[in-house]
1. In the stretch 170-199, what residues are crowded, with 16+ Cβ neighbours inside 10 Å and under 15 Å from T154 (Cβ atoms)?
2. If we scan the stretch 154-161, do we find a residue that is under 28 Å from the mean Cα position of the chain (by Cα) and more than 25 Å from H93 (Cβ to Cβ)?
3. If I ask for residues that are of a type in the set (A, V, I, L, M) and under 15 Å from T195 (Cβ atoms), which ones from the stretch 147-177 would you list?
4. Could you say whether any residue in the stretch 123-138 is surrounded by 15 or more Cβ atoms within 10 Å (Cβ to Cβ) and of a type in the set (K, R)?
5. Only residues that are touching a helix residue (DSSP H, G or I) at 6+ places or on another chain (Cβ under 8 Å) and among the polar types (S, T, N, Q): list them for the stretch 131-149, please.
6. Restricting attention to the stretch 139-162, which residues are of a type in the set (K, R) and surrounded by 13 or more Cβ atoms within 10 Å (Cβ to Cβ)?
7. Name every residue in the stretch 91-112 that is crowded, with 19+ Cβ neighbours inside 10 Å and either without any contact (Cβ under 8 Å) to a residue 40 or more places away in the chain or outside the structural domain of F168 (by TED's automatic domain parsing) (or both), in order of residue number.
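The values are calculated or read from the model by the stated rules, or taken from the named source; none is laboratory data. These numbers were taken from a predicted model, which means no experiment stands behind them. Note that each Cβ is placed from the backbone with ideal geometry, even for glycine, and that neighbours are counted across all protein chains shown.
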Amino acid sequence: MKNFVPGLKALVPIGMAAVLAGVFTFSVSADSTISIPMPQDIQDKQVTISLRIPPNTEPLKRNQEKPKLSSKRSMVVWNSNPSPKIADNDEIHSIFGTFLQKGWVKTQTSRGIVRMRPLDKYYAVRLIQHISENVIEIGQAPNFGQVIKKCNLTTSDIEDLRRVIKRFEKDLTVFGTNTRKVDKDLLMLQERFKTSRQGILKVLRVEGGDDGGTIIHLSVD
């Protein structure tokens, strides 16, 4: 047969492909028909075609129902404003105001944060970092003895700052502050304030008396 039908080997793969394509087209709908272009100069053993027809050729049905949560705990609630606010009557506002009046809030941005209402908690944490860094610089002054006598801060101011740092200790740690070291430096500064200012009278306020005299309110550090 090879002598009477030349090129029969080359036609066998093409014939098989045509038969399989016909069966596939007949078995499925027109939307599932696959057309494979064959090169015109195909030769024997150049092309191998394998087709697999699944037993179910119907389109898959997709479940359009929304997924149901097994419990309310698995619900995710999106919070567009995750940063909490500090109440307007919180003592931290008066503490910030004291350091602002005494000049220890040194940047325009930080001064704006002091006046911010409502005050964002994490802005407040940044402001605590700013104030504590400025105050600790007092202890690094070469003429520390003279600086501390002329400084307008009091031991009560430093105590307030230490209390605020303790209150926001976790948040300050997240922002990279070593709260133990900061508190240690402020405690040292507080003790130096007490030692250097022993016996110093400080005028709190002056007012007139009922008898026409003057009353001067003093404090002793």
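1. L186, L189, Q190, R192, F193, S196, R197
2. Looking for residues that are under 28 Å from the mean Cα position of the chain (by Cα) and more than 25 Å from H93 (Cβ to Cβ), one finds none in the stretch 154-161, hence no.
3. Applying the first criterion (of a type in the set (A, V, I, L, M)) to the stretch 147-177 yields 147-148, 153, 158, 161, 164-165, 172, 174.
Of everything in the stretch 147-177, those that are of a type in the set (A, V, I, L, M) and under 15 Å from T195 (Cβ atoms) turn out to be V147, I148, L153, I158.
4. Yes, the stretch 123-138 has at least one match.
5. Correct list: S132 only.
6. Step one: of the stretch 139-162, the residues of a type in the set (K, R) are 149-150, 162.
Listed by number, the list holds a single entry, R162.
7. F96, V105, S110
Okay, residues lined up against (1) farther than 16 Å from V182 by Cα; (2) in contact with a Ser or Thr (Cβ under 7 Å, 6 or more places away or on another chain); (3) in a helix (DSSP H, G or I); (4) modelled with pLDDT of 95 or more:
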site: D88; (1), (2), (3), (4): yes, no, no, no
site: I113; (1), (2), (3), (4): yes, no, yes, no
site: R117; (1), (2), (3), (4): yes, no, no, no
site: H130; (1), (2), (3), (4): no, yes, yes, yes
site: I138; (1), (2), (3), (4): no, no, yes, no
site: I148; (1), (2), (3), (4): yes, yes, yes, no
site: I158; (1), (2), (3), (4): no, no, yes, no
